[in-house]
Amino acid sequence: MSEVRAHPSAEAGPGGTGKVSSGRRGRRRGVEIKPGTVKQARSEAGLSLAQVAGGEISRTAIYFVETGKAKPSMETLKLIAERTGRPLDFFLSRPSTMEARSSESTVELERLVVTGDSRGALALGEALLGTERDPEIVARIRFQMATAYLRLAQWVPARRLASTARAYFEQSGDMLMTAECLGSEASAAYMMQDPGALALAEGALETCRSLNPVPSITESRLLGVLGGVHAANHRWGAAVKALEQSVAAGDVMHDLRRLSIGYSNLSFAYQELGNINQATYYAQRAITLHETLNDRLSLGRTENNLGVMLLRGGEVARARSHFERALRLFDEARADDSSRVALLLSFCELEFAESDLEEAARWANEALKSANENSVIGWIADSHAWLGRIADACGDDSTADAEFATAFDVLRQPGVSPELTSRTHARYADILEARGDVGGAVQQLKRALASRSNHMAIEAGYATG
């Protein structure tokens, strides 16, 4: 590429008129940049040419730089870096054959992730990590691999890789990728029911919003992650607020998979708030997108949620068909995570409603085993509570008391949702009242109300925050 002068359409003068302010500056040497990086940075930040240009230079200048018709001055490159949230090193050219090969490989890696070939992406990622030496490229490989692991519901390696990638991006000053990595860490953490998920999600969103201008695509994604964290913590009002904001950015949300997950989480949150019409509306939209994208895991989760709504509405046969389809989908995807535990407890609830206590106990024990294997605290407690309810229905008071005592011990651990704690105390209160233990029932109700008050205070804080 030949050296270019500060062209009227490549460098703007005062006020962003596109005119050169003076001929005294003479010829300035343009900066050699890596082809395609400016357009990539702008696209990933969700910005238009005008937004990158701002009032300092013209849109045409940015277009010429993107298409390789002009080299930017260092001043222009710094402006582009600031606007897109990228470090200068992201754009600067480091010509080498090895880098060219690495760039082609990382593009292929990203293609595999985007098209849903997560296992192929992981295989390629491992191969690249064995040969790649450029720390920035290594960090990007790890981030893409973390995304692939998330889609395979393998939370531990996803979180580890995202955290390692984040360490590099923080050090290099790439705050956009820092936010993206934090979002991936939060996604893995909340699926593991780690109480640290909320801090990660809020940190990701805060980092994203510190950029000027704020990259709308990333902000939308991170609002979806935050909504998922709130839903996992049973903070339904906060979940709906964040998820509605995320979905409202649909005009910039080009990733249909993220949109489908947003719809699914909204369905779940509205279901828990008792708004079945909204819950069903979002569930149906989620299922349509899941099927279009052939996203078996997400489709299974949404089928389970829809089945729960039908079950609690008294439509047992229809609920069973949705649960059975979800189980097939999880088996096909080889899923073994908290979503599967939720489905196992859905089968437990269904059999309990049908008075098949032996089958209900089998499902509850299977859920407890899986919850322990995946260290998901909330589901461990819920499994014990279900076993307690089943024992009570069988007339085994001592076993029922022991199971609820174990559930309460689990619920005392840090980070457990107060709403889940409140619900468990309320269920035990019903059992004690039916036995005639009015004093014990009143104690449990007081604890349920205390937990509920704590939950409502948290919800109010997020609603006004």
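The values are calculated or read from the model by the stated rules, or taken from the named source; none is laboratory data. Keep in mind that this is a model prediction, so the values were computed, not measured. Note: ideal-geometry Cβ built from the backbone for every residue, glycine included; neighbour counts use all protein chains shown.
A few notes on this one:
- Between ASP397, ASP401, the distinction of being surrounded by fewer than 20 Cβ atoms within 10 Å (Cβ to Cβ), closer than 19 Å to THR424 by Cα and touching a residue at least 24 places away in the same chain (Cβ under 8 Å) belongs to ASP397 only.
- Count - residues of segment 349-394 that are small (Gly, Ala, Ser) and free of Cβ contacts under 8 Å to residues at least 40 places away in the same chain: 8
- Residue in segment 242-253 that is part of a helix (DSSP H, G or I), free of Cβ contacts under 8 Å to residues at least 60 places away in the same chain and either among the charged types (D, E, K, R) or touching an Asp or Glu at 6+ places or on another chain (Cβ under 7 Å) (or both) present: yes
- Residue in segment 271-288 that is within 23 Å of ALA158 (Cα to Cα), modelled with pLDDT of 85 or more and not acidic (Asp, Glu) present: no
- Of all residues in segment 322-348, those being among the hydrophobic types (A, V, I, L, M, F, W, C) and in contact (Cβ under 8 Å) with a residue 60 or more places away in the chain number 2.
- Listed here are the helices (runs of 4 or more DSSP H) enclosed by segment 271-346 that have at least 3 residues being under 18 Å from the mean Cα position of the chain (by Cα): 276-293, 296-312.
Let's see how each residue does on (1) crowded, with 17+ Cβ neighbours inside 10 Å; (2) in the same structural domain as GLN154 (by TED's automatic domain parsing); (3) of a type in the set (A, V, I, L, M); (4) within 26 Å of SER43 (Cα to Cα):
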position	(1), (2), (3), (4)
ARG235	yes, no, no, no
LEU243	yes, no, yes, yes
LEU256	no, no, yes, yes
ALA279	yes, no, yes, no
LEU289	yes, no, yes, yes
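- Residue within segment 213-224 that is of a type outside the set (A, V, I, L, M), in a loop (DSSP other than H, G, I, E, B) and under 30 Å from LEU92 (Cβ atoms) present: yes
- Residues being surrounded by fewer than 21 Cβ atoms within 10 Å (Cβ to Cβ) and in contact with a Gly (Cβ under 7 Å, 6 or more places away or on another chain) - total across segment 177-221: 4
- Some residue of segment 207-221 being free of Cβ contacts under 8 Å to residues at least 24 places away in the same chain, under 24 Å from ALA188 (Cβ atoms) and among the charged types (D, E, K, R): yes
- Selection within segment 54-78 - surrounded by fewer than 18 Cβ atoms within 10 Å (Cβ to Cβ) and either of a type in the set (A, V, I, L, M, F, W, C) or assigned by TED's automatic domain parsing to the domain that holds GLY173 (or both): MET74
- Subset of segment 397-449 that is part of a loop (DSSP other than H, G, I, E, B) and farther than 21 Å from MET191 by Cα - its residue that is nearest to the chain's Cα centre (by Cα): ASP437
- All told, ALA179 meets the bar of being in contact (Cβ under 8 Å) with a residue 40 or more places away in the chain and either assigned to a helix (DSSP H, G or I) or not assigned by TED's automatic domain parsing to the domain that holds GLU136 (or both).
- Scope segment 283-297; condition polar (S, T, N, Q) and in contact with a helix residue (DSSP H, G or I) (Cβ under 9 Å, 6 or more places away or on another chain); matching residues: GLN284, THR288, THR292
- Within segment 75-90, the set of residues being under 17 Å from THR218 (Cα atoms) and charged (D, E, K, R) comprises GLU82, ARG83, ARG86.
- Among the residues here, ARG159 qualifies as assigned by TED's automatic domain parsing to the domain that holds GLY120, modelled with pLDDT of 90 or more and of a type outside the set (S, T, N, Q).
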